[in-house]
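The following block contains the structure, expressed as structure tokens.
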Amino acid sequence: MSLRFYSTDTASVRDFEPVSPGEARLYYCGATVQGMPHIGHIRSALVFDQLSRWLRYRGFKVTTVRNVTDIDDKILANSAASFEQGYSGSHPEEEWWALAYRFEKVFASAYQALAIDQPTYEPRATGHIPEMFRLIQRLIDRGHAYPALDDSGDVYFDVRSWKSYGSLTRQNIDDMQAAPDADPRGKRDPRDFALWKGHKDGEPFTASWESPWGRGRPGWHLECSAMAGKYLGERFDIHGGGLDLRFPHHENELAQSTAAGFGFANFWLHNGLVTYEGDKMSKSIGNTVSPEEMLETARPLVVRYYLGQAHYRSILDYRPTSLDEAQVAVERVETFLAHAGGGRPDGEVPQGFADAMDDDLNIPQALAILHEHVRSGNAARAEHKEDAVAREADAVRAMTDVLGLTPLMDFASPSGSGAEHSALDSLIRTLVAQRAEARAAKDWARADHIRDELAAAGITVKDSESGTTWSV
């Protein structure tokens, strides 16, 4: 099977053909560092970490760019609020750039905790103002942008000048809402969006730069186009981000970049959102979950497994029991590898796993293959077939390497362990064997009593065709 991805612009799964043979260049939208991250932000980064790991496994030289939006309306608003509140908070009177950097470090800490690889480049928007000037001027020269009709100092993209505007999300311009990013009085059309925002009274002077159109700061959409072009060139392979960024952010990126004469992205990949028991996560409702909260209740291995287990395009629904279920699943893998010696690094993944990953990064199917090999390995271990155990361990290790799980595993002490785990395993297997004898003798009361004793001690017993396994 060839490597294939679903691209939002064509709404179809297509074969991946890189712009440059043997290379894969990926840009995905990173953090807007206005506040604390929630698990939706981290899920997006993890999805594209999984993608880049698979591309590398498939032999591509991978270049990844994940930007940091460190200048933004909400960043300025949150900074201003800190001065209004004075010393009532834990970070009083915080300049916008200090606030942005503080939250950038929080995002970075969450990425690191979950073994999300550093991208090749992680540019900040504020470090690329000259590139933005050049892109704006190019759009003006080509008739697709204009300085504001008032004296605001804004510069707008003329959406009606670009016939393909709306193609990414398949919308008609006349059906779109007005762009809320600037005063519409300076626009030719309410849907025109800001490329440059003139400096306003009350805004920090440090949050503005001198430009050919007056002092101001860049528009959000412009930032990504300028940074993607600098690090990946006029045409690159994949642009990614959360589903909520399709419009207006990615639609506007595509319009301004292609109107400037650039090919931009061959594929548009969007990951699904994270919900809370079926409802959209919202700070106003109070149902958001942060990576910090997750990491207080579960190991990083468990959190990574949970956030990365669904198909990237699907919704991931969080429930209070979600991490418990993920823990049982991933620690079963870790325990097998620990007993099998960890497996050899740099092995080949099974063909079924490779086919699943090639098929639009089908992680659920890939995980099913992973667990099949864990079950086979445990069965071989129970039968003392050491060669078979070693083969399965190598296959499982290859898969956990690709999925980014291996760095978070503890092969020396699965589920708590070392000598303690071995002793516990021996005791539990004795009880499991007694339960099996009772079941064979149809002594259901005895079998249920043993199961209930184990459950009371926090031990989950699971029966399958390949045998009985336990987990804490």
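The values are calculated or read from the model by the stated rules, or taken from the named source; none is laboratory data. As the structure is a prediction and not an experimental result, all values here were calculated from the model. All Cβ positions, glycine included, derive from the backbone under ideal geometry; neighbour counts span all protein chains shown.
Kindly indicate whether any position in the stretch 289-307 is within 17 Å of the chain's Cα centre (by Cα) and over 28 Å from Phe411 (Cβ atoms).
Within the stretch 289-307 (the criterion being within 17 Å of the chain's Cα centre (by Cα) and over 28 Å from Phe411 (Cβ atoms)), the answer is yes, since at least one residue qualifies.
Would you list the strands (runs of 3 or more DSSP E) that sit entirely within the stretch 220-290 and hold 2 or more residues that are of a type in the set (A, V, I, L, M, F, W, C)?
Those strands (runs of 3 or more DSSP E) span 235-242, 264-271.
Within the stretch 177-208, restricting attention to residues that are hydrophobic (A, V, I, L, M, F, W, C), in a loop (DSSP other than H, G, I, E, B) and free of Cβ contacts under 8 Å to residues at least 40 places away in the same chain, which residue is surrounded by the fewest Cβ atoms within 10 Å (Cβ to Cβ)?
Ranking the candidates gives Ala178 first.
Something else about it: Identify, by number, the condition in (1) modelled with pLDDT under 95; (2) surrounded by fewer than 16 Cβ atoms within 10 Å (Cβ to Cβ); (3) part of a loop (DSSP other than H, G, I, E, B) that Glu293 doesn't meet.
(3)
Tally up the residues in the stretch 347-383 that are β-branched (Val, Ile, Thr), under 25 Å from Asp15 (Cβ atoms) and over 21 Å from the mean Cα position of the chain (by Cα), please.
2
Further question on the same structure: Quick check on the stretch 261-276: of everything there that is in contact with a helix residue (DSSP H, G or I) (Cβ under 7 Å, 6 or more places away or on another chain) and surrounded by fewer than 21 Cβ atoms within 10 Å (Cβ to Cβ), which residue is nearest to Thr169 (Cα to Cα)?
Among those residues, the one meeting the criterion is Gly272.
Residues are listed down the side, and each one gets a yes or a no for (1) over 29 Å from Gly153 (Cα atoms); (2) among the aliphatic types (A, V, I, L, M); (3) modelled with pLDDT of 95 or more:
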site	(1), (2), (3)
Trp220	no, no, no
Cys224	no, no, yes
Lys230	no, no, yes
Glu234	no, no, yes
Ile238	yes, yes, yes
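Based on what the data block shows, is Arg25 touching a strand residue (DSSP E or B) at 6+ places or on another chain (Cβ under 6 Å) and crowded, with 17+ Cβ neighbours inside 10 Å?
yes
Where residues in the stretch 418-460 are outside any helix (DSSP H, G or I) and of a type in the set (Val, Ile, Thr), which of them is modelled with the lowest pLDDT?
Taking the candidates together, the pick is Thr460.
Another question, if that's okay. Based on this model, can you work out whether Pro119 counts as assigned to a loop (DSSP other than H, G, I, E, B), crowded, with 23+ Cβ neighbours inside 10 Å and at negative phi?
Answer is yes for this residue.
How about the stretch 152-168: which of its residues are in a loop (DSSP other than H, G, I, E, B) and surrounded by 15 or more Cβ atoms within 10 Å (Cβ to Cβ)?
Hits for the stretch 152-168 are Ser152, Gly153, Asp154, Asp158, Trp162, Tyr165, Gly166, Ser167, Leu168.
Please specify each residue of the stretch 308-345 satisfying the condition of being in contact (Cβ under 8 Å) with a residue 12 or more places away in the chain and of a type in the set (Val, Ile, Thr).
Selection gives Ile315, Val328, Val330, Val333, Thr335.
While we're on this one: Would it be correct to say that His373 is assigned by TED's automatic domain parsing to the domain that holds Arg25 and either touching a strand residue (DSSP E or B) at 6+ places or on another chain (Cβ under 8 Å) or more than 30 Å from Glu251 (Cβ to Cβ) (or both)?
no
Just a yes or no: is a residue in the stretch 306-321 closer than 22 Å to Ser109 by Cβ and among the β-branched types (Val, Ile, Thr)?
No, because not a single residue in the stretch 306-321 is closer than 22 Å to Ser109 by Cβ and among the β-branched types (Val, Ile, Thr).
For Ala259, state whether it is more than 19 Å from Gly166 (Cα to Cα), of a type in the set (Gly, Ala, Ser) and modelled with pLDDT of 95 or more.
When the stated conditions are applied, Ala259 does not pass them.
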